[in-house]
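A quick write-up on the structure given underneath.
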Amino acid sequence: MSDRYCVFGNPVGHSKSPAIHAAFAVQCHQDLRYTAILAPLDGFATSVREFVASGGRGANVTVPFKEEAWRLATRRTGRAELAGAVNTLAFDGSGILGDNTDGAGLLRDLTVNLGCHLAGSRVLVLGAGGAARGVVGPLLDSRPAKLVIVNRNVDRARDLAQRFAGTAALHVCSYPELAERSFDLVINATSASLGGELPPLPASVFAAAGTAYDMMYGDGDTPFLAFARRHGAVRLADGIGMLVEQAAEAFRLWRGVRPDTAPVIATLRGASIANDR
Ligand code: NDP
């Protein structure tokens with residue numbers, strides 16, 4: 001029987017992870033089956049335990065369960081420990097290993113696929129949930145001049161920044177405090193786009209020739225990317241590249257081989273353009 005993997009989320013119907021892992025499996029000649037599982041908002045741990053009991057080998061975790069997955073893991077990688085959030089679980093008979101591949105996925109998409117130079121740049125991260133937690137450490141490792149985290153619930157952003165206490169480049173603020181400030185790279189790590197909403201951003205945040213990156217993906221511009229396009233961002237990217245890159249990192253953890261991501265990104269982008277027509 002094929003080895004079983006899944007992604008847990010709520011909502012999860014929009015997830016492209018099953019298609020991505022199916023493509024990786026074909027490319028790498030791996031015998032596995034990967035499905036999407038809608039976990040009840042109050043039943044994540046139960047859903048994971050049921051999946052493990054039925055023979056599941058590993059799982060990805062998406063909105064809103066990444067912090068709960070961190071607590072559920074019995075062992076964590078260093079990057080997951082630092083993030084306080086887990087997006088990849090491996091069940092190996094000796095417990096639940098938690099990893100976080102979001103930061104590696106985002107950094108690879110930004111620097112390798114999109115050619116962004118982060119050293120010395122001004123970076124704004126919107127959100128302080130599970131996705132933001134995974135990317136702040138790797139972003140700081142690339143030595144931006146400044147990295148600002150903004151969140152509706154500012155205490156949640158402070159709590160995240162606290163994990164990197166003593167890092168001079170890292171700052172926290174509220175949305176009203178963004179007035180008149182601009183950034184070379186603005187990353188939307190909120191779930192606002194899932195509900196067709198836009199975080200309460202001033203139009204001035206996009207520096208001339210700036211980049212806008214929405215971790216959310218879908219057909220056409222998200223509300224954030226449409227807003228960025230209207231207000232001066234010249235390079236716009238959705239989260240498809242990050243999604244495929246973080247999935248490749250998870251696949252490597254589970255199967256010991258890293259798939260070639262470029263053809264899978266190209267296929268997903270092609271499908272998205274076709275849906276737009
Ligand atoms: P969480 O539920 O953990 O966090 C949600 C965050 O979004 C919080 O910071 C919340 O703020 C903020 N938020 C929600 N709605 C709004 C709004 N209308 N305006 C401003 N802020 C808002 O979710 P995750 O962090 O796990 O996921 C966030 C997004 O990133 C999702 O869309 C997910 O699909 C995407 N993602 C994509 C990945 C990829 O590979 N492309 C990987 C990981 C995530 P507050 O705390 O104030 O409530």
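The values are calculated or read from the model by the stated rules, or taken from the named source; none is laboratory data. Remember, predicted model here, so these are calculated numbers, not experimental data. With ideal geometry, Cβ positions are generated from the backbone for all residues, glycine too; neighbour counts draw on all protein chains shown. For the accessible areas, the whole protein counts, side chains as well, though only heavy atoms, and no ligand, DNA or RNA atoms are used. Shrake-Rupley method; radii C 1.70, N 1.55, O 1.52, S 1.80 Å.
Filtered by the rule that a residue be among the charged types (D, E, K, R), surrounded by fewer than 24 Cβ atoms within 10 Å (Cβ to Cβ) and within 14 Å of the ligand (Cβ to nearest atom), the stretch 110-152 gives a lone residue, Arg152. Residues in the stretch 8-62 that are in a strand (DSSP E or B) and over 18 Å from Val244 (Cα atoms): 4 in all.
Considering the stretch 83-98 alone, what residues qualify as being within 17 Å of the chain's Cα centre (by Cα) and surrounded by fewer than 19 Cβ atoms within 10 Å (Cβ to Cβ)?
none
Go through the stretch 235-249 and count every residue that is open to solvent by less than 10 Å² (accessible area, probe 1.4 Å) and of a type in the set (Asp, Glu). The number of residues fulfilling the criteria is 1. Among the residues examined, Arg71 does not qualify as outside the structural domain of Val135 (by TED's automatic domain parsing), open to solvent by 20 Å² or more (accessible area, probe 1.4 Å) and away from the ligand (no atom under 14 Å from the Cβ). For the stretch 175-192, state whether one or more residues are over 23 Å from Arg269 (Cβ atoms), free of Cβ contacts under 8 Å to residues at least 40 places away in the same chain, in contact with a Pro (Cβ under 9 Å, 6 or more places away or on another chain) and open to solvent by less than 30 Å² (accessible area, probe 1.4 Å). Scanning the stretch 175-192 turns up at least one residue that is over 23 Å from Arg269 (Cβ atoms), free of Cβ contacts under 8 Å to residues at least 40 places away in the same chain, in contact with a Pro (Cβ under 9 Å, 6 or more places away or on another chain) and open to solvent by less than 30 Å² (accessible area, probe 1.4 Å).
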